[in-house]
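The values are calculated or read from the model by the stated rules, or taken from the named source; none is laboratory data. These figures come from a predicted structure and were not determined experimentally. Cβ placement follows ideal geometry from the backbone for every residue including glycine, while neighbour counts extend to all protein chains displayed. Side chains included, ligands, DNA and RNA excluded: accessible areas come from the protein's heavy atoms. Shrake-Rupley method; radii C 1.70, N 1.55, O 1.52, S 1.80 Å.
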Amino acid sequence: MITITPLPPKGHYEVRMSGRIREDDYEDRLIPALDKAIEEHDRIRILTVIEDDAEFSIGAMLDDAELGMRHWKGFDRVAVVGKPGWMMRLVRGFGPVMPCPVRTFAPGQEDDARRWLQESLGAMHQTDLGDGVLHVQLVGKLDPAVMEEEERDMDAFVRANPRFRLLLDLTEFDGWQGLAALNQHFRIARNHYDLIDRAAVVGKASWQKLAARGLGHLSGAKVKHFDPDDLDAAKTWIKA
């Protein structure tokens, strides 16, 4: 049996699974409900609770995989609550390749799962430092919703500054939440990298130093890496 219940805020849903889960439970209830939800909200967040007595038929498992492929970009975040077992191992195994953040929770942690669905996982702060210098700070793990909103602000800055200098602070950046966020980040970079005259990249991880070199090769701009303690020096250099 599958029940689907809307949750606050809008675009959040609870999917509760119990007993024998058959193919028609997906085809008659879950898939139509999620199709309608994604059509209404574009991207949705789901709390899935797998009760202890839930059993999945082969047809239901295939429909579950088909549902994920069909709405590859329709899920914004997914929390799964269930007891340890093969299903939860499967969720954790596929989580890193999903386009959205996916996290599992033990039975009794439904409130924690709901809070995780609503909390901010990361942030992207943009500050116009004047004279065509944009300070971009990435914090935590970015999800697609954050990047989509900030992309509009960056586009507005670029319209006012056709050529600009970039101060990119990665000191508190932990990566991306899902492939969709990573792809969106690359799209933003692709749309703007050739407009950069000079860039300062601030961070301590080795991959961030490699990213600075890659940005220099890609854009043809003068790019320099700075350690986190040298943020003021990076600001001075970017404005020079």
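Inspect the range 167-185 for any residue being in a loop (DSSP other than H, G, I, E, B) and buried (at least 21 other Cβ atoms within 10 Å of the Cβ) and give the result as yes or no. Working first, answer last.
Taking the range 167-185 and keeping what is in a loop (DSSP other than H, G, I, E, B), we get 177-178.
In the following step, the residues that additionally are buried (at least 21 other Cβ atoms within 10 Å of the Cβ) were identified as 177-178.
The answer is yes, given that some residue of the range 167-185 is in a loop (DSSP other than H, G, I, E, B) and buried (at least 21 other Cβ atoms within 10 Å of the Cβ).
Name the residue that is modelled with the lowest pLDDT, counting only residues in the range 208-221 that are touching an Asp or Glu at 6+ places or on another chain (Cβ under 8 Å) and surrounded by 14 or more Cβ atoms within 10 Å (Cβ to Cβ). Steps first, please.
As a first pass, look at the range 208-221 and keep what is touching an Asp or Glu at 6+ places or on another chain (Cβ under 8 Å): 219-221.
Restricting the remaining residues to those that are surrounded by 14 or more Cβ atoms within 10 Å (Cβ to Cβ) gives 219, 221.
On the way: S219: 82, A221: 88.
Only one residue fits best here, namely S219.
Report the residue count in the range 19-52 for those that are open to solvent by less than 30 Å² (accessible area, probe 1.4 Å), not aliphatic (A, V, I, L, M) and not in a helix (DSSP H, G or I). Please lay out each step first, then the result.
Applying the first criterion (open to solvent by less than 30 Å² (accessible area, probe 1.4 Å)) to the range 19-52 yields 19, 21, 25-26, 30-31, 34, 37-38, 44, 46-50.
Pick out the ones that are also not aliphatic (A, V, I, L, M) and you get 19, 25-26, 48.
Within this subset, residues satisfying the condition of being not in a helix (DSSP H, G or I) are 19, 48.
Qualifying residue count for the region: 2.
Return yes or no: is D131 closer than 27 Å to L231 by Cβ and either open to solvent by 40 Å² or more (accessible area, probe 1.4 Å) or at pLDDT 90 or above (or both)?
On the way: closer than 27 Å to L231 by Cβ: yes; either open to solvent by 40 Å² or more (accessible area, probe 1.4 Å) or at pLDDT 90 or above (or both): yes.
Taking the combined requirement at face value, the residue satisfies it.
Taking the range 53-95 as the search range and keeping residues that are out of contact with any helix residue (DSSP H, G or I) (no Cβ under 7 Å at 6 or more places or on another chain) and in a loop (DSSP other than H, G, I, E, B), which one is modelled with the lowest pLDDT?
Per the criteria, the residue is W72.
Filtering the range 94-125 down to residues that are polar (S, T, N, Q) and within 18 Å of the chain's Cα centre (by Cα), which residue is most open to solvent (accessible area, probe 1.4 Å)? Don't jump to the end; show me each part of the working.
The first filter runs over the range 94-125 and keeps only residues polar (S, T, N, Q), leaving 104, 109, 118, 120.
Next, only the ones that are within 18 Å of the chain's Cα centre (by Cα) stay: 104, 118, 120.
On the way: T104: 36, Q118: 111, S120: 92 Å².
Ranking the candidates gives Q118 first.
If you check D174 against the conditions, is it within 13 Å of the chain's Cα centre (by Cα) and closer than 30 Å to W116 by Cα?
Working: within 13 Å of the chain's Cα centre (by Cα): yes; closer than 30 Å to W116 by Cα: yes.
Yes, satisfied.
Tally time: how many residues in the range 222-232 are part of a helix (DSSP H, G or I) and either open to solvent by 50 Å² or more (accessible area, probe 1.4 Å) or at positive phi (or both)?
Filtering the range 222-232 for residues part of a helix (DSSP H, G or I) gives 228-232.
With either open to solvent by 50 Å² or more (accessible area, probe 1.4 Å) or at positive phi (or both) added as a condition, the list becomes 229-230, 232.
The total comes to 3.
Quick one: count up the residues across the range 96-113 that are at pLDDT 85 or above and not in a helix (DSSP H, G or I). Write out each step before concluding.
Taking the range 96-113 and keeping what is at pLDDT 85 or above, we get 102-113.
Adding the requirement that they be not in a helix (DSSP H, G or I) leaves 102-109.
Of the residues in that region, 8 qualify.
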